[in-house]
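Please read the structure below before turning to the comments.
The values are calculated or read from the model by the stated rules, or taken from the named source; none is laboratory data. What you see is a predicted model, and the numbers here were worked out from it, not measured in a lab. Note that we place each Cβ from the backbone using ideal geometry, even for glycine, and neighbour counts take in every protein chain shown.
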Amino acid sequence: MDADVITNFIKLHSHLPKTFLRYGTAGFRSKAEHIYHTIFRVGLVAVLRSKQTKSTIGVMITASHNPEEDNGVKLIDPLGEMLAPAWEEHATRLALAEEDELQSVVSDICQKEVVNLQHDAFIVIGRDTRPSSEKLAKSLIDCVTVLGGQYYDYGLVTTPQLHYMTCCRNTHENYGVATVEGYYQKLSKAFVELTKQATSQRDGHMCLKIDCANGIGALKLKEMKRYFPACLVMHIDKDGTKGRLNHLCGADFVKVHQKPPVGLEMKPNERCCSFDGDADRIVYYYNDAAGRFHLLDGDKIAILIGSFLKELLVRMGQTLTMAVVQTAYANGSSTGYLEATLKLPVCCAKTGVKHLHHKAKEFDIGVYFEANGHGTVLFSKAAEEKIRHQAKEEKDNRKREAATMFENTIDLINQTVGDAISDMLLIEAILALKNFTIQQWDAMYTDLPNRQLKVKVADRRIIETTDEERRVVTPPKLQERIDELTKNYKLARAFVRPSGTEDAVRVYAEADTQENADELAHEVSLAVYHLAGGVGAEPMPVA
Ligand code: G16
């Protein structure tokens, strides 16, 4: 990249106020007005990464579960995965570089990563429905163009759809056709095939109310509806025609507050689910006949999917390795159930799908879900080949039938990243095949009561953690205090970690009763506030 190109590139955005953002859990995130400068630097990273990998790179403009006024941008690697860790560091360096340093930072990265600047660059772009996203996408296109790269703009898509497109383009469409229609066709075909043997379809069991968080998920589900069989009845709510994105609705609201979206009408025992703002997370829930709210989060989803896959493997007579990856947020009961009842190995990874994804790749079949509903299943190439071969060649009818179901399950899953639409279809298919109601699914095990809170501190980076975020290293006295507090409650566990997407410290506690979990979470929040430089008012006890 010669000096002229860099000069033109700087001219394009030098008037924009500079901000000091770092590449976090899910890319760069902040208030939308702070993202404009960063978007140009992200364009530069994308072009360099594309030249280095000689592949298409994705850039998604979204702040996912964050409020509508926030925005963000993240890069997608060639196989639809999150950006490689070394490149996250390059992205931060380029985002923070002064204009007069830029040329030397670019040269340094090119040298370290062996980037041949003569190679072409191709970028695919997608955005969510935030009002600020369109203008940010336009800036990104200007940036890629001035840097001599080519692009394709998918416009409004869910985050997982852009991950899928990136993967399709880099696998010569082996993974699927790189269009929105290709995505709809692949998933709906797999869903129809998989549910062929389900007897419950006729009883109206595939009837679901969906809170789309007033986001992109609503648009895409409406487009996709015509591909589905009539037995799948979806009532799309929070479709963006009235409320604000993620405001009092969506998967994060439901999970954190442990209550339904405000204004969503729920009949007793009606099966409902919530997506988040860019449709990469999903949680299920219902109100029982007594009006009590029941949440089926990422842990329950992992168990439903894990047990289904394990049953199929047994029927097929296959001995592939399989594990479930969770984070520190996983409810203690879910981990116990996976290990003791399902006899599945469980691994713990740091928060952020990129960490879980990485761990899940160590197994033939890696089921990973964060408790917040973000997750998917990965299959090793060898496992996939074995299963597809058995589906074609197996002589034993029962085994072949199970292998065919497994094959359709693989096709229904978006292996590139957690995908609310794909996860929802898989869950609906499993419930139909098992002839399971949401109540039966819920009854597989009982969650320990838990509570999540957040605390504002002057600088959240003061909190450093270890043991996959289960223990605090600094400030030094904080872990001691958490241990002391936890000892006072039965079946209790608590941890704190700095958020990767918001300026806050997150607190999680679980215990034998809801009152105890609430009390412990409040006490730990106060400890964070006092020992880690809390700002504003002291955290309030939970009502
Ligand atoms: C993003 C990541 C998730 C992660 C979440 C944590 O979610 O993609 O894997 O669980 O951030 O956020 P925090 O670090 O603030 O607790 P999303 O849905 O916003 O992309």
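Contact annotation: residue pairs with Cβ atoms under 6 Å, 6 or more positions apart or on different chains, pairing a residue in the stretch 515-534 that is on the phi < 0 side of the Ramachandran plot with a partner that is crowded, with 19+ Cβ neighbours inside 10 Å and of a type in the set (S, T, Y), are N516/Y489; L520/Y489. Within the stretch 470-495, if we keep just the residues that are under 13 Å from V528 (Cα atoms) and in contact (Cβ under 8 Å) with a residue 40 or more places away in the chain, the residue that is farthest from the ligand (Cβ to nearest atom) turns out to be K477.
Rundown of residues vs (1) more than 16 Å from the ligand (Cβ to nearest atom); (2) surrounded by fewer than 19 Cβ atoms within 10 Å (Cβ to Cβ); (3) among the charged types (D, E, K, R); (4) not assigned by TED's automatic domain parsing to the domain that holds C143, yes/no style:
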{"site": "I61", "(1), (2), (3), (4)": "no, no, no, no"}
{"site": "P85", "(1), (2), (3), (4)": "no, yes, no, no"}
{"site": "E89", "(1), (2), (3), (4)": "yes, yes, yes, no"}
{"site": "A95", "(1), (2), (3), (4)": "yes, no, no, no"}
{"site": "E101", "(1), (2), (3), (4)": "yes, yes, yes, no"}
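Among the residues making up the stretch 393-407, those that are surrounded by fewer than 20 Cβ atoms within 10 Å (Cβ to Cβ) and part of a helix (DSSP H, G or I) are E393, N397, R398, K399, R400, E401. Scanning the stretch 320-367 for residues that are away from the ligand (no atom under 13 Å from the Cβ), assigned to a loop (DSSP other than H, G, I, E, B) and either among the β-branched types (V, I, T) or touching a Cys at 6+ places or on another chain (Cβ under 7 Å) (or both) yields a count of 1.
For the stretch 248-255, does any single residue satisfy the condition of being within 18 Å of N214 (Cβ to Cβ) and more than 19 Å from the chain's Cα centre (by Cα)? Yes: the stretch 248-255 contains one or more residues that are within 18 Å of N214 (Cβ to Cβ) and more than 19 Å from the chain's Cα centre (by Cα). Scanning the stretch 289-319 for residues that are away from the ligand (no atom under 16 Å from the Cβ), among the aliphatic types (A, V, I, L, M) and more than 21 Å from K381 (Cα to Cα) returns A289, A290, L295, L296, I303, L304. Scan the stretch 1-21 for residues that are farther than 22 Å from Q111 by Cα and in a loop (DSSP other than H, G, I, E, B) and jot them down. Listed by number, the residues that qualify are S14, H15, L16, P17, K18, T19, F20, L21. When S50 is tested against (1) hydroxyl-bearing (S, T, Y); (2) over 20 Å from the mean Cα position of the chain (by Cα); (3) within 16 Å of the ligand (Cβ to nearest atom), exactly one condition is not met: (3). Elements of the type strands (runs of 3 or more DSSP E) sitting completely within the stretch 223-287 and holding at least 1 residues that are touching a residue at least 12 places away in the same chain (Cβ under 8 Å) and either touching a Phe, Trp or Tyr at 6+ places or on another chain (Cβ under 6 Å) or within 12 Å of the ligand (Cβ to nearest atom) (or both): these cover 272-275, 282-287.
A count restricted to the stretch 157-176 and to residues that are outside any loop (DSSP other than H, G, I, E, B) and in contact with a strand residue (DSSP E or B) (Cβ under 6 Å, 6 or more places away or on another chain) stands at 7. Taken together, the criteria exclude H389 from residues that are surrounded by fewer than 22 Cβ atoms within 10 Å (Cβ to Cβ) and within 14 Å of the ligand (Cβ to nearest atom). Test A532 against the criterion of being crowded, with 21+ Cβ neighbours inside 10 Å, more than 14 Å from the ligand (Cβ to nearest atom) and not β-branched (V, I, T), and give yes or no. When the stated conditions are applied, A532 passes them. Considering A340, A349, A371, the condition of being crowded, with 24+ Cβ neighbours inside 10 Å and not assigned by TED's automatic domain parsing to the domain that holds D280 is satisfied by A371 alone.
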